[in-house]
1. Explain nothing, just the number: dipole magnitude of the chain about its Cα centre with +1 on each Lys and Arg Cβ and -1 on each Asp and Glu Cβ, in debye rounded to the nearest 20.
2. Which of the helices in the chain meet the span-like rule: DSSP H, Cα axial reach of 27 Å or more, Kyte-Doolittle mean at least -1.0?
3. Suppose all protein chains stay in the model; what accessible area per residue would a 1.4 Å probe give for the chain, in Å²?
4. Can you give the accessible area of residue 116, probe radius 1.4 Å, in Å² rounded to 10?
5. Within the accessible area of the chain, what % is carbon and sulfur when the probe is 1.4 Å and the other protein chains stay in place?
6. Once Lys and Arg get +1 and Asp and Glu get -1 on their Cβ, which of 29, 251, 11 lies farthest toward the positive end of the dipole of the chain?
7. Using modelled amide H (1.01 Å from N, peptide plane; none on Pro or chain starts), what sits under 5 Å from the amide H of residue 237, excluding residues fewer than 5 places away?
8. Taking a spot 7 Å from the Cα of residue 191 along the direction of its beta carbon, which residues of region 281-325 have an amide N less than 18 Å from it?
Amino acid sequence: MNMDGKLVSTWYNLHSSVPESYVQPAERQPCNAVLSTIKTIPVIDLGGHDRDDIIRNIVKSSEEYGFFQVVNHGVAKELMDDTLRIFKEFHAMPANEKLIESSKDPNGSCKLYTSSGRNCADVAKYWKDSLRHPCPPSGEFTEYWPEKPEGYREIVGKYTQELRALGLRILDLISEGLGLSPNYFSEELSANPVLISHNYPPCPEPSLTLGASSHKDPNILTILFQEPNITALQVLKDGAWIPVEPIPNAFVVNMGLMLQIITNGRLIGAEHRVITNSSPNRHTIAYFINPKKDAIIGPAKPLASSTSQAIYPSMPFGELLENFMNKGPYFEAEFRL
Ligand SMILES: O=C(O)CCC(=O)C(=O)O
Ligand SMILES: [Fe+2]
């Protein structure tokens, strides 16, 4: 059977082993991974009353791990549950219906794809299907979003509005902690958010394959909602993988490479990856805060002064992204001044 381009969800249950094209090279196979002795990433209570303490914890976690989880973040549990339900129902629809619902944009910004690898360094495929579309605050693109399952646009529209507010709130806390002006991120640096709903089907040989490659997100900030009870996301720290166990109703927050550049390397866009499980299906919803294509990305003035020189050049986001896609893992070393 030729699986090229076919959604993993359409054929995964026909196999008792992982097809050759999905077998990762030995050094990337989860069975050969060094797991961290650190058991989890920091958890930050956004409902706490000591604002300075919250800021200190956010900055410290972002410097040390590039990742943390947030609880008491203010997004209603009902909205999170409804959004997860909508995406579970979407991925459970027949393949032809999913394709119709995700192919409304003639320019292809709203799409359903299966994972063929992210960049030039990928040699094997990844065990997942993903639905992606822009979700800007302007409401542009909503006409291309799926209309099924029923309520999709209303629920996902509300969810993306709430996630934007949460993202800007976290970025404001970061700005305050680092001495950047309030609202530093609230205009062109966050104007082009994108939502991706990932579906990782059950896998017959989780030790050989991956759900997502080891990567850094090429954006400002990512807010991830993980389905409860399934641990599969891992963060690299000091050469070892830390599992990110889902906490009920929490979000995982991670710094993107653009935030690493803007903070002149102070906050880290950490490598992370996704392993697979033999059961059940795993769903996650990733909200990516992205700049406008022509926004200039470079070290912020207060963080790259005479005492700590800029370690990165400045460049429009669109150009930087192209560089990142072309160079893959070599990007950072070549991009540094
Ligand atoms: O699904 C996950 O657990 C992580 C997804 C992710 O890293 C991404 O979409 O960039
Ligand atoms: Fe990611």
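The values are calculated or read from the model by the stated rules, or taken from the named source; none is laboratory data. Predicted model, so just to flag it, every value in this text is computed and none were measured. Because the Cβ atoms are built from the backbone with ideal geometry, glycine has one as well, and the counts that use them run over all protein chains shown. Ligands, DNA and RNA are stripped out before the accessible areas are found, and what is left, the full protein with its side chains, is counted by its heavy atoms. Shrake-Rupley method; radii C 1.70, N 1.55, O 1.52, S 1.80 Å.
1. Numbers: 31 positive and 39 negative charges, 73 e Å.
The calculation lands at about 360 debye.
2. On the way: long enough: 152-178 (38 Å, 0.08).
Helices passing the filter in the chain: 152-178.
3. Working: 14860 Å² over 337 residues.
Normalised by residue count, the accessible surface of the chain is 44 Å².
4. Using a 1.4 Å probe on the heavy atoms, I get roughly 90 Å².
5. Numbers: 7400 of 14860 Å².
The nonpolar share, carbon plus sulfur, comes to 50 percent.
6. 29
7. Amide H neighbours of residue 237: 242.
8. Zone members listed by number: 288-298, 315-322.
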